[in-house]
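Working notes, structure below.
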Amino acid sequence: MNEYDSDRIINSLSANPVKDPSDADIIIVNTCAIREKADHKAVSAVGKYKKLKIKNPDLIIGMAGCVAQLYGKKLIKQIPHLDFVIGPREIPKLRDLVFDIKESSSHRKINTSMDVEEVFKVSPYHKSGKVNGFVSIQQGCNKKCAYCIVPTVRGSEINRPLKEILEESRLLIDQGAKELTYIGQTVNSWKYEGERFYNLLDYLQELDGLERIRFTTSFPRDITSKMVDSMKNNTKVCRQLHLPVQSGSNRILKQMKRAYSVEWYRDSISKLRDAIPDLSLSTDIIIGFSDESTKDFEETMQLIEDIKFDTIYSFKYSIRPGTPGELMDSHVNEDVALDRLHKLQSRQREISLENNLKQVNKSYKVLVESESKNNPNEFFGRTSQNKAVYIKNINKESIGKILDITKKEAFQNSFIGEPT
Ligand code: 5AD
C-alpha cells in the first residue's frame, strides 16, 4: 500500500526521481505507523535531510503517509526544516500543495483531513512498462482490531468504483503489465453498488492481456464459499492467499476483536485447500499481545505446526497511540515476547524450507519479471504460488513471458530453476 502511494506521489508531481537526495528539488518521506519502530524511523529519516535544506533553502521537504497523519501539526512544530505533512487520503491534493509552497515560500502546510472526496484520484502510472503492478481497490478499514492504528490513520473503509478499477487495470496492462495485485486493507470485503469481491474477480478475468491476478490482504471472516468458488474457477487468479491469523488462541483473538475463532480460521483453510490443492498460504502473527500466556503462545505454535504456512510475517506487539490496546493494562514482558517471537520464527524457517524442498524437480509456470540483481546470468520470476525463482539458461526475450520452469534447488525463500 505504501509503495503504491509512493508511486502516486511521484506521478502526481510528474516527477523524475533522482538517485542522490542532494540533487532533488523536493524530498518527500512516505511513512508507516503500524509499529513504533517504523514510526521512529520515519522521523529520523526526515532529520537526515536537515543539512541539505541548510545548503539549499529552496529545497522543499515533506512527510507523507500514516506518521504524517498521526502526528500532523506536532511534526511541523518539532521539525523546523519540514515544509509540509500530508496524510494518505490527501495525496490527490499534493500537487497544488507543493505549488502553493513554492509560491509563498514561508508557508508551512498541514494536510491531514480525512474528509477527502476523491481519495483514489491519482493513479501510479508505471511508464517503465513493468511486468507487474498494483491497483488499489479500497482505502481505510472498518474492522476495529484492538492493536491496530490503520483505522485511525487511513480512516474508515472506502471502496473504489468498479469502473475505475477496470480503467486503471487497462492502463497498466496497456503499458506492459501482465500481473496485477489488487490491494486493500481487507481486500475481500470490497463491495460496490451490489457487486462483491467474488464478482470483481470475474470482471478482472475478462481483461484481455492480463495473465495473472493477485490480491492482498484478505480478512479471514470475509472468506465466503462464493469467494472460494470464484478463486477456484478463475484461471487467472494466482494460487496464493495471504490470510493474517494474528494468534492461535481464541482468548487472544477475542481481545484483539478479530471476529473469528481459531476453529473458523482452520475451517476456512480446509475449504480453501479442498477447492485449490496447490494454494500457497501466508499469514501475519502478533506475539505478546495483551496478557498472552505460555498456553496462548503454544496454541499459536500448534496452529503453525498444523497449517504449515509457506511464509509468516511475525511481529512483537507494539502499543499504538489511540488504539484500544493502548488502554489494556497487562502487557507481556519484553524479553518473554522476544523469546517467543524467536521460537516462532525459527520453527517457521524450518517449515518454509521443508515446504520448498518438496517442490524440487517439479515443473511450475513462472512469469519472468526481470534480470536477477545478484547474478548477471540469471533472471527473476515468480510462480503462481508467489515463490521466487532465479532462472538459469534463458535470455532477455523471456521477460514478460510465462515459462515452464523446473525447480532444481530449494532455499527457505527462493529457488533456482531452469526451463523444463
Ligand atoms: N504491533 C505489532 N504488529 C502489528 N500489526 C498491526 N498492528 C500491530 C501492532 N500494533 C501487524 C499485524 C498486521 C500487519 C500488517 O502488522 O500482524 O497484519
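The values are calculated or read from the model by the stated rules, or taken from the named source; none is laboratory data. Worth saying up front: this structure is predicted, and the values here are computed from it rather than measured. All Cβ positions, glycine included, derive from the backbone under ideal geometry; neighbour counts span all protein chains shown. Accessible surface is based on the protein model in full, side chains and every heavy atom, while ligands, DNA and RNA are left aside. Shrake-Rupley method; radii C 1.70, N 1.55, O 1.52, S 1.80 Å.
Structure notes:
- Residues of the stretch 398-413 satisfying the condition of being crowded, with 16+ Cβ neighbours inside 10 Å and closer than 22 Å to GLU350 by Cα: LYS407, ALA410
- Comparison of LYS121, LYS51 shows that the only residue that is open to solvent by 50 Å² or more (accessible area, probe 1.4 Å), out of contact with any strand residue (DSSP E or B) (no Cβ under 7 Å at 6 or more places or on another chain) and outside the structural domain of SER22 (by TED's automatic domain parsing) is LYS121.
- Selected residue (only one of SER270, SER280 is over 17 Å from LYS254 (Cα atoms) and in contact with a Cys (Cβ under 9 Å, 6 or more places away or on another chain)): SER280
- Any hit, the stretch 367-389, residues being buried (at least 18 other Cβ atoms within 10 Å of the Cβ) and within 16 Å of the ligand (Cβ to nearest atom): no
- Within the stretch 285-310, tally of residues that are free of Cβ contacts under 8 Å to residues at least 60 places away in the same chain and either closer than 28 Å to LYS358 by Cβ or in contact with a strand residue (DSSP E or B) (Cβ under 7 Å, 6 or more places away or on another chain) (or both): 16
- Lone qualifier among THR283, THR294 - being outside the structural domain of LYS408 (by TED's automatic domain parsing) and buried (at least 19 other Cβ atoms within 10 Å of the Cβ): THR283
- Screening GLU326, GLU334, GLU354 for residues that are more than 16 Å from the ligand (Cβ to nearest atom) and open to solvent by 60 Å² or more (accessible area, probe 1.4 Å) leaves exactly one candidate, GLU354.
- Index of the failed condition, ILE213 passing every other in (1) open to solvent by less than 10 Å² (accessible area, probe 1.4 Å); (2) outside any helix (DSSP H, G or I); (3) out of contact with any helix residue (DSSP H, G or I) (no Cβ under 8 Å at 6 or more places or on another chain): (3)
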